[in-house]
Amino acid sequence: MHVEKLRHPQPKPPSRRQWQNDGYKHLFAVIVVSERLVTYMTTPAEEPVALISERELRLLNVGAGLELSPDGSQPLSYSARLWAQLSLPYRDPGPVPEWVRRNNSITLSISPGMTTAKDGSRRPAYPFGVIPRYLMTWMTTEAVRTGSRQLHLGPSLSKFLRSLGMNSSGASSARALDQLHRLAVANMNIEDLRTSGDRWGIAGANFNVASRYELWFSKDPAKAPSDILGSTITLSEDFYRSVLEAPVPLRPEALRALSGSPMRLDLYVWLVYRLKYLERPTTVSWGQLAGQFGADYKVKRQFKAAFEKNLREVLVLYPQAKTLVTETGIRLLPSAEHIPDRKLRAI
């Protein structure tokens, strides 16, 4: 990274009030990061105002590393194609009978399964947030790597979660097991609305992520995550087959950098998948995007602002992606693949 101060002469610097009200800008520095230019501003009083945050700088560092090392420092991870088209809840939906998300003609509905607690009590519970997305990525990657429906948690899951920035405490392990339990019992349905001539129809399927599971929890929540040893989950036949048919390759470095936001992770998987198969320019409307990514937003402008913010971060890690945000939606243009086929491999 090279930082060089640059000055532009100003006959009469504006006052602080003019600066705040009129938005006068003075170029302070140019940071060159892997052929990207990142500008900084300064006020006339020589008080630097960063145009990007520390988080964005970290993203740039990761993005530069991905460009300088196309093969990556870590083997690839994989996502099921389903999660590039639809997604899980961002937040806990609460006591509702079903949760729905749509992508054009395809609808995913999730009904909470019943989870059993240590005292024997039972309650309905939805999978939600960042952790189930990481768990689904781990399960897909393990299925691709091992060619087996039965997955053993133990060191493999702990190592994977640590690689994505989650600490190895007992509390983190407990949260991961809780969300895995929620995933295992959730009931999912996909329907595809179709038309043909003067007819219309519905094609659908009911499925579960897991057909069997055995999860071991520590009685001491502070205990090390090695207590998950012996825990297994067996993917359902339908889900396993869908995973192997067309897994979406992902860079684990990008997954870690995008942590903290379910939408960021969803956008990353979606963009990698869409641009891999895109042959001609297409516009995805804000209505379509809201149906797929914005179910938790009641106000359209709030969703649009969140979408654009998260998209900017994803594009730092996938700079080859050619996109254009417009008033009607997002314009996708044929782009270089994030991960060329010749580089595909499992962890």
Q) When only DSSP loop residues count, what trypsin sites (Lys or Arg not before Pro) in the stretch 231-299 have their Cβ near at most 12 other Cβ atoms within 10 Å? A) 298
(Q) Starting from 0.36 nm per residue, how many nanometres of slack lie between residue 105 and residue 61 once their C-alpha separation is accounted for? (A) 12.0 nm
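Assuming 1.306 mPa s and 10 °C, estimate D for the stretch 77-343 with Stokes-Einstein, Rh taken as the Kirkwood radius over Cα pairs, in µm²/s.
82 µm²/s
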Q | Cβ-based exposure ranking for 338, 152, in which fewest neighbours within 10 Å come first | A | 152, 338
Q) Working out 0.36 nm times the residue gap between residue 245 and residue 298, then minus their Cα-Cα distance, what length gain in nm do you get to one decimal? A) 15.5 nm
Q: Output the peptides 131-139, 87-95, 192-200, 315-323 sorted from most to least packed, where packing is the average of other Cβ atoms within 10 Å over each peptide's residues.
A: 131-139, 315-323, 87-95, 192-200
(Q) Just to be sure I follow the rule: in the stretch 77-343, considering lysines 8 or more places apart or on different chains, how many pairs have Cα atoms under 17 Å apart? (A) 7
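Quick note: the coordinates plus some simple rules give every number you see, no bench work behind them. Since we're looking at a predicted model, the values are computed, not measured. Backbone-built Cβ (ideal geometry, glycine too); neighbour counts: all protein chains shown.
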